[in-house]
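**Q** Once you've had a glance at the structure underneath, I'll fire off some questions.
The values are calculated or read from the model by the stated rules, or taken from the named source; none is laboratory data. Remember, it's a predicted structure, so these values are computed and weren't measured experimentally. So basically every Cβ, Gly included, is an ideal-geometry build from the backbone, and we count neighbours across all protein chains shown. In case anyone asks, the SASA skips ligands and DNA or RNA and just uses the protein heavy atoms, side chains included. Shrake-Rupley method; radii C 1.70, N 1.55, O 1.52, S 1.80 Å.
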Amino acid sequence: MDESNRFVTGLDVGTENVRAVIATVSKNGEVAIVGYNEGKSSGMRKGIPANLTGPAEAIDRMLGDAERMGGYDVRSAYVSINGSTVISTHTEGMIAVGSVEHEIDGVDLDRVEDVAVSGRIPANRDVLDVIPLEYALDGQGGIKDPLGMAGARLEIRANVISALTPNCENLKRATMTADVKAERLVPSVVAAAKAVLTERQKENGVAVIDMGGATTSVAVYEEGDLQYIGVVPAGSNNITNDLAIVLAIEPELAEEIKTRFVTGNFHSDKSIAIKVGKNNEHAFERKEVEEVVEARLEEIFSEIRKKLKAAKYDQRLPEGIILTGGGAKMRDIEIFAKKALEASVKIGIPAGAGGVSESVKKPEFAAAVGLALMAAESSEYTSTLSKPSKKPKKSSSAKPFGFIKKIFSKF
Ligand SMILES: Nc1ncnc2c1ncn2[C@@H]1O[C@H](COP(=O)(O)OP(=O)(O)OP(=O)(O)O)[C@@H](O)[C@H]1O
Ligand SMILES: [Mg+2]
């Protein structure tokens, strides 16, 4: 491997799971995944850290295998942020740039963005991103890239993505507690979109719905830009909990029912009984189970549809809906989603990276892959991977990061 390659890391800190993707970026921008891992999360509530040690330990445990196998520590990463306080706000701004012959430069663009943000976003929010949707020069709108154009008055229409400052701060502290610096915070659904959408879909109009354990988020793209983002504080775990309560069973059995037997096609053959437990000692009528699941899915998807309506995108997305997250693994969930949203629905599989990417071609890895892809696009960023620290890691989780060692042993 060429030593001039950069390393980038995407770290998706979910309520249910933490996932990491490490990739190399070649000089010509090609991204190759060289490591990935996933593990159970802890200390997260509805996408937000409820304490620092829980998520830190989960990240530490998940990344720990790399160190145990003689690899290198991940010291910084692009990190996902989630929770219903992540919102988008459409704002406008205007600046005078001088004479009519003035050529618009980067400083002007920064200045007009500042005007669009300052005073529009409450002080207790961190701005995660400012997406310029349209510029106008001397009153003439519809300009996508005004750099180098001439004009005296520059206006911007922008989509500002923000989250409550304490949530951002605590997430950064949680990753820092695990010795990982959060280089940038990206809403998890935006990260997922980065990995599953094509430029064409983003241009024509498409939404990504990321269904996790405790949250379901939606991001809408049109004309190539992120137009809207919203988070519903309910996810696939709510289905498990509902089943546990209604059927009076332990959450583990409810999870087994959900992942093994439930499908999103609620009009399939209902006559087959559902049997779970070590000796199939628990039997349930499919109809009873499906009623519970369908009611919760209907609630979640109607909340998402309300958000799409409010953003004026309901039934107005030519490229339809792409589902990601662990919740998208429910068999035939597309069938349910299609009916609930009256739109075409597909499952989103992460793409855009080579290497061992086959292993992460699953909807639940979309956010982690997307974070790595975003990090790869930022030429100033390289994920610091240092030699193993003396600090012992407590872990031994699922898949090993042994390939990191292989990469570094070549140096
Ligand atoms: N085969 C399956 N069928 C149905 N649900 C599944 C399946 N596999 C996983 N899930 C569900 O996916 C959820 C976890 O998804 P994911 O890992 O994307 O969540 P998360 O990112 O940790 O949570 P969040 O994004 O809400 O913070 C769990 O509720 C789990 O039960
Ligand atoms: Mg998630």
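**Q** Per residue, what volume in Å³ does the convex hull of the Cα atoms of the chain enclose?
**A** Numbers: hull volume 60.8 nm³, N = 411.
With only Cα atoms used, the chain gives 148 Å³ per residue.
**Q** Right, here's the next one. In region 22-104, which GluC sites (Glu not before Pro) fall in coil by DSSP and have 16 or fewer other Cβ atoms within 10 Å?
**A** Glu30, Glu101
**Q** Which order do Met94, Met44 take by accessible area at a 1.4 Å probe, largest first?
**A** Accessible-area ranking of Met94, Met44, largest first: Met94, Met44.
**Q** Suppose only helical runs count, i.e. DSSP H with n ≥ 4. What mean residue ellipticity at 222 nm does that imply for the chain under -39500 (n - 2.57) per run, divided by all residues and rounded to the nearest 500 deg cm²/dmol?
**A** Details: 11 runs with 132 residues, N = 411.
About -10000 deg cm²/dmol.
**Q** Share of the chain's accessible area from carbon and sulfur, percent, 1.4 Å?
**A** Working: 9090 of 18080 Å².
Heavy-atom surface of the chain belonging to carbon and sulfur, 1.4 Å probe: 50 percent.
**Q** Let me ask something else about it. Averaging over every viewing direction, what projected area does the convex hull of the Cα atoms of region 87-165 cover, in nm²?
**A** Projected area, direction-averaged: 4.7 nm².
**Q** Take the Cβ-Cβ distance between Glu358 and Thr263 as r, set R0 to 25 Å, and report the resulting FRET efficiency rounded to the nearest 0.05.
**A** Details: r = 26 Å, r/R0 = 1.02.
My answer for the efficiency is 0.45.
**Q** Can you give me the accessible area per residue for the chain, using a 1.4 Å probe, in Å²? Write down the numbers at each step before the final one.
**A** Numbers: 18080 Å² over 411 residues.
Heavy-atom accessible area per residue stands at 44 Å².
**Q** Quick check: pseudo-label points 7 Å beyond the Cα along Cα→Cβ at Asn280 and Asp105, how many nm apart are they?
**A** Label-label distance for Asn280 and Asp105, simple model: 7.6 nm.
**Q** While we're looking at this one, here's another question. Assuming 0.36 nm per residue, please report the length gained on full extension of the stretch Asp114 to Asn51 beyond their Cα-Cα distance.
**A** On the way: separation 63, 0.36 × 63 = 22.68 nm, distance 3.29 nm.
That pair, Asp114 and Asn51, stretches by 19.4 nm at full extension.
**Q** For the chain, set up a GNM with springs between Cα atoms under 10 Å and report which of Ile249, Ile335, Ile59 has the largest fluctuation.
**A** Greatest mean-square fluctuation among the candidates belongs to Ile249.
**Q** With both partners inside the chain, how many of the DSSP beta bridges are antiparallel, as a percent to the nearest 5?
**A** Counting only bridges with both partners in the chain, antiparallel ones make up about 75 percent.
**Q** When the chain is fully extended, how far beyond the present Cα-Cα distance does Met176 get from Asn28, taking 0.36 nm per residue of separation?
**A** On the way: separation 148, 0.36 × 148 = 53.28 nm, distance 3.11 nm.
Here the answer is 50.2 nm.
**Q** Students often get this wrong, so check it: of Lys194/Lys346; Lys194/Lys362; Lys194/Lys329; Lys144/Lys346, which have C-alpha atoms separated by over 21 Å? Walk me through the numbers before you get to the answer.
**A** Values: Lys194/Lys346 16 Å; Lys194/Lys362 14 Å; Lys194/Lys329 19 Å; Lys144/Lys346 30 Å.
Distance filter (> 21 Å) returns Lys144/Lys346.
**Q** Turning to a different aspect of this structure: Would you mind working out the magnitude of the charge dipole of the chain relative to its Cα centre, with +1 at each Lys and Arg C-beta and -1 at each Asp and Glu C-beta, to the nearest 20 Debye?
**A** Once rounded to the nearest 20, the dipole reads 1460 debye.
**Q** Within 10 Å of each candidate Cβ there may be at most 10 other Cβ atoms; applying that plus a DSSP loop requirement, which trypsin sites (Lys or Arg not before Pro) in region 222-300 survive? The partial results should precede the final answer.
**A** Values: sites: Lys258, Arg260, Lys270, Lys275, Lys278, Arg286, Lys287, Arg296; in loops: Lys270, Lys278.
Of the trypsin sites (Lys or Arg not before Pro), the ones in loops of region 222-300 whose Cβ has at most 10 other Cβ atoms within 10 Å are Lys278.
**Q** Further question on the same structure: Full-extension gain between Lys306 and Ser378, please, as 0.36 nm times their residue separation minus the C-alpha to C-alpha distance. Display every interim value, and only then the final one.
**A** On the way: separation 72, 0.36 × 72 = 25.92 nm, distance 3.44 nm.
22.5 nm is the gain from fully extending Lys306 to Ser378.
**Q** Ignoring ligands, DNA and RNA, how do Lys194, Lys202 rank by accessible area with a 1.4 Å probe, largest first?
**A** Values: Lys194 50, Lys202 25 Å².
Result, largest first: Lys194, Lys202.
**Q** Quick check: with the 1.4 Å probe, what order do Arg305, Arg120, Arg157 take by accessible area, largest first? Display every interim value, and only then the final one.
**A** Values: Arg305 35, Arg120 110, Arg157 85 Å².
Largest accessible area first, the residues go Arg120, Arg157, Arg305.
**Q** Once you charge only the Cβ atoms, +1 for Lys and Arg and -1 for Asp and Glu, what is the size of the charge dipole of region 87-165 about its Cα centre, to the nearest 20 debye?
**A** On the way: 6 positive and 14 negative charges, 70 e Å.
Dipole magnitude for region 87-165 comes out near 340 debye.
**Q** Go ahead and collect, in residue order, the members of region 282-301 whose backbone nitrogen is under 17 Å from a label point 7 Å along the Cα-Cβ direction of Ala248.
**A** The answer is 282-285, 288-289, whose backbone nitrogens lie closer than 17 Å to the label point.
**Q** Another question, then. Solvent-accessible area of Asp210, probe 1.4 Å, all protein chains present, reported in Å² to the nearest ten, please.
**A** Approximately 20 Å² for this residue.
**Q** Something else: For region 197-324, state the average projected area of the convex hull of the C-alpha atoms over all orientations, rounded to one decimal in nm².
**A** Computing the convex hull of the Cα atoms and averaging its projections yields 8.5 nm².
**Q** Bins of 10 Å, beginning at zero and ending with the bin holding the largest distance: percent of Cα pairs per bin for region 105-215, please.
**A** 11, 32, 34, 19, 4, 0
**Q** Please work out the C-alpha center-to-center distance from region 315-348 to region 223-300 and express it in whole Å.
**A** 16
**Q** Take the alpha carbon atoms of region 132-167, find their center, do the same for region 1-64, and report the distance between the two centers in whole angstrom.
**A** Between the Cα centre of region 132-167 and that of region 1-64, the gap is 33 Å.
**Q** Along the Cα→Cβ direction, 7 angstrom out, place labels at Glu298 and Lys40. What is the inter-label distance in nm?
**A** Spacing of the two 7 Å Cα→Cβ label points: 3.3 nm.
**Q** Once ligands and nucleic acids are excluded and a 1.4 Å probe is used, how much of Val246 is accessible, expressed in Å² to the nearest 10?
**A** 90
**Q** State the answer as a single residue: which of Leu137, Thr89, Asn51 lies farthest towards the positive end of the charge dipole of region 1-154, with beta carbon charges of +1 for Lys and Arg and -1 for Asp and Glu, about the Cα centre.
**A** So the residue we want is Asn51.
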